[in-house]
Amino acid sequence: MKYLVMIQGTQADYEAMSGNGSEHAPAWNEKDMQAMFSFMQSVNDDLAESGELVDGQGLAAPAQARHVLSGKDGRPVVTDGPYGETKEVLAGYWVLECESLDRVTEIASRITQCPVPEGTTEYPVVIRQIMDGGGDVC
């Protein structure tokens, strides 16, 4: 089965990683960044070695996002960031092919152990099974 494993963040978190901290997102330093990158590389290497990694990427800051809606006249309505600092967005993801929900939960539990500066907001790691065809959606 394939699963989408997602990590969340806010614009404030991205700014903190650039050294501009705030109340719920303390500033990261070079050592913090290297610890996070090293941890994530280790996770990715292990998943690639086990054959479970299909894809995984970090995403650009929410300020670089764009929302597109259909307007009343049928033409697209485009909204650019930045978005509110506290609005959680998808910060990164993995597409994994695992034998069971228990296995992907084990991987997500490992991801929660990623080192971050003290005082950083904790977000859940979200797991969603990727539907294969038009099967049950409930």
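The values are calculated or read from the model by the stated rules, or taken from the named source; none is laboratory data. All values derive from a computational prediction rather than experimental measurement. Here Cβ is always computed from backbone atoms with ideal geometry, including for glycine, and neighbour counts include all displayed protein chains.
With respect to Asp55, determine if the residue is among the acidic types (Asp, Glu), loosely packed, with under 11 Cβ neighbours inside 10 Å and within 18 Å of the chain's Cα centre (by Cα).
It is true that Asp55 is among the acidic types (Asp, Glu), loosely packed, with under 11 Cβ neighbours inside 10 Å and within 18 Å of the chain's Cα centre (by Cα).
Which count do you get for residues in the stretch 79-111 that are at pLDDT 95 or above and over 23 Å from Asn20 (Cα atoms)?
Going through the stretch 79-111 one residue at a time, the tally reaches 19.
Taking Ser70, is it surrounded by 12 or more Cβ atoms within 10 Å (Cβ to Cβ) and small (Gly, Ala, Ser)?
Here the answer is no, as Ser70 does not meet what is asked.
Inspect all residues belonging to the stretch 16-24 and state whether any of them is within 19 Å of the chain's Cα centre (by Cα), surrounded by 16 or more Cβ atoms within 10 Å (Cβ to Cβ), in a helix (DSSP H, G or I) and not β-branched (Val, Ile, Thr).
Yes, the conditions are met somewhere in the stretch 16-24.
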